[in-house]
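Notes for the one structure printed next.
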Amino acid sequence: MNASRPVSIACLTAVAAVGAAIAAPGVVFAQAPDKDELVSIDQLEEMAITILSEGTIDQGGKKVPIDPTIPAELKHLIPTIPKGLVFPSSNSTIEIEVEFLGKWIETYEKIIDTLTGTARGITKEKKILPSSWTKEENTGKFLQKFAKRYGPGSKAKPSGLKKTDDAGKEAFAEMWGMLPRMFLRYADLFQKKAMNPAQRKAMIEERLQRAKNYLKRYELGKDIAQPRVLGSSLVFVQLSPQVRGMAEDYLTGMSPVQIYKKDGNPLYLGSKKVLWLAASKVNPELKRVLEDLLGESFVGRYSVLEGDVVTDIMRVTGAKLLLGDFFFLEWDGHIAVVRRDQ
């Protein structure tokens, strides 16, 4: 890639925004994904959890945690994410997305109930929280209490923490890093669970209309980019060969940095380097589109048509995961990971 190539910021912003201008609970691929691609919720969760609990980046010659509020032990508390929650591999429709949403709700409700049960057990055993809290069987109410009182930004600590042993203090640190985020996800899930099928369908149809409205803004013509939406879950963006380099430079220009594993080695997914991209580095227009249109997950795919050959060159995947809203930007042997500002 040629970093000195002159580019139009307005053009790059538009091209990037097209790829993100879609949000829905399904993902459709035009062709079979290769082994390095992120294609299912369990893969996305595993990567996000690994990055936040173990990942470091280089700052001034020192390796520093990406998120110091999340202890490495948290990874071992997360239950195995079922592999059955996989993005559709054929055409997406409103009906398919309604069905996927139901599976998404069922899967995450079980995971969050399991995690909250673990939290209640640990805090009860170590007598960290009031007994009235640990007896609370309603997952939502327990999470709400914890998040309100002890969530990120709060300086409050439970009185029982002073009296417990080191294992108890470690247990609370794990809960502190996990439970408030669980509440944010649970609140979203609970709202959607309360919807009947017709309401869920109406919500997804509204997303589709919103996506179409965004796409109208970025119909830039065959000489730049032509978007095509399938259902409300996938956008294909066909770029002209003339702007391919611009789009690639756009991603490298945001300066993502290498993520390192706990053993100090660079993190890879297959042959692709995994990089961290701070939300503050993302172009404001692209960031706004990503955040405004995120449903449960979405994908935008970029390709270039040269003669009769279509080549995929980039992809943007977004998903609501246990530890936050994440976006994965894939191109040319790289995956840049962005976590939405908490």
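The values are calculated or read from the model by the stated rules, or taken from the named source; none is laboratory data. Since the structure is predicted, the reported quantities are computational estimates derived from the model, not experimental observations. For neighbour counting, all protein chains shown are included, and Cβ atoms are generated from backbone atoms with ideal geometry for every residue, glycine included.
All of Gly264, Gly231, Gly270 fail the test of being crowded, with 16+ Cβ neighbours inside 10 Å, on the phi > 0 side of the Ramachandran plot and in contact (Cβ under 8 Å) with a residue 40 or more places away in the chain, apart from Gly231. Entry remark, the stretch 68-85: residues being over 8 Å from Ser53 (Cβ atoms), modelled with pLDDT of 70 or more and touching a helix residue (DSSP H, G or I) at 6+ places or on another chain (Cβ under 7 Å) number 7 in total. Among the numbered conditions (1) more than 29 Å from Lys261 (Cβ to Cβ); (2) surrounded by fewer than 22 Cβ atoms within 10 Å (Cβ to Cβ); (3) not β-branched (Val, Ile, Thr), the only one that Lys287 does not meet is (1). Among the numbered conditions (1) touching a Gly at 6+ places or on another chain (Cβ under 7 Å); (2) under 26 Å from Thr69 (Cα atoms), the only one that Val235 does not meet is (2). For the stretch 311-335, taking the residues that are part of a strand (DSSP E or B) and among the charged types (D, E, K, R), the one that is modelled with the lowest pLDDT is identified as Asp312. Looking at the stretch 166-264, the helices (runs of 4 or more DSSP H) lying wholly inside it that each contain 1 or more residues that are at pLDDT 75 or above and either under 22 Å from Arg340 (Cβ atoms) or under 19 Å from the mean Cα position of the chain (by Cα) (or both) sit at 166-193, 197-217.
Note on the stretch 301-326: residues that are under 14 Å from the mean Cα position of the chain (by Cα) and in contact (Cβ under 8 Å) with a residue 40 or more places away in the chain total 11. Of the candidates Ile122, Ile112, the single residue that is at pLDDT 75 or above and assigned to a helix (DSSP H, G or I) is Ile112.
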